[in-house]
Amino acid sequence: MYIDDDGIKIYNPTYTYELETEDFPLSCPYYRQMSPFPFFPQGGPQSGPPGRPPGGPQGGPPSSPPNFTPSQPKVQQFGATPLAIDQGAIRPCRFRSVYIWPRRGDSFWAWLTFVGPKSIAGFRWNRNAWRYFGMDLREISSFQCF
């Protein structure tokens, strides 16, 4: 049992909490990441042909990522590993193809639409389709823009 603003409640460990997006202010970067639509720069989304999502340099991702897998860059380590990728280093990759090597999991192609102080968001190539995603900069081991 615990005391809440509404009264005394019984804790249920099997209850699944649903995220209520109306509790987040529009300026919150996580609100933009939860949206099924990408964060567009000022001026709104770019228009594309009817029946297709916007594409090109300022809109959605291209039809598919480049058809090669780059090799991970070799970085000289002098006893210390960086805690996170700097936002200034990955910011030029917005609206470009970027290959990301996460600290855990498989590497992947991405099309970034948002770079914040601690996170990125955009589209991730998943086998044969782009999927919207967000990730913490601390989870990125290395990346390369194309």
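Values in this text are rule-based calculations from the coordinates and carry no lab data. Only a predicted model underlies this, so the values are computations on that prediction, with no experimental measurement involved. Here the Cβ positions follow ideal geometry from the backbone for every residue, glycine too, while neighbour counts run over all protein chains shown.
Explain nothing, just the number: relative contact order of the stretch 63-146, from Cα pairs under 8 Å at least 6 residues apart, as a whole percent.
RCO, the stretch 63-146: 33 percent.
What residues have an amide H closer than 5 Å to that of G60, excluding those fewer than 5 places away on the same chain, when H is modeled at 1.01 Å from N in the peptide plane?
Residues meeting the amide H criterion: G55.
Test of understanding: what is the full-extension gain from S107 to S63, defined as 0.36 nm times their sequence separation minus their Cα-Cα distance?
Length gained, S107 through S63: 13.9 nm.
Can you tally the net charge around R103? Count Lys and Arg as +1, Asp and Glu as -1, for every other residue whose Cβ sits under 13 Å from the Cβ of R103.
Surrounding charge for R103 is -1.
Considering amide H positions built from the backbone, and no H for Pro or chain starts, which residues 5 or more places from F143, or on another chain, come under 5 Å of its amide H?
W101
What list of ³J(HN,Hα) values in whole Hz, one per residue of the stretch 83-91 in order, does the Karplus curve 6.51 cos²θ - 1.76 cosθ + 1.60 (θ = phi - 60°) give from phi, with Gly and Pro shown as x?
6, 8, 6, 6, 4, x, 6, 8, 4
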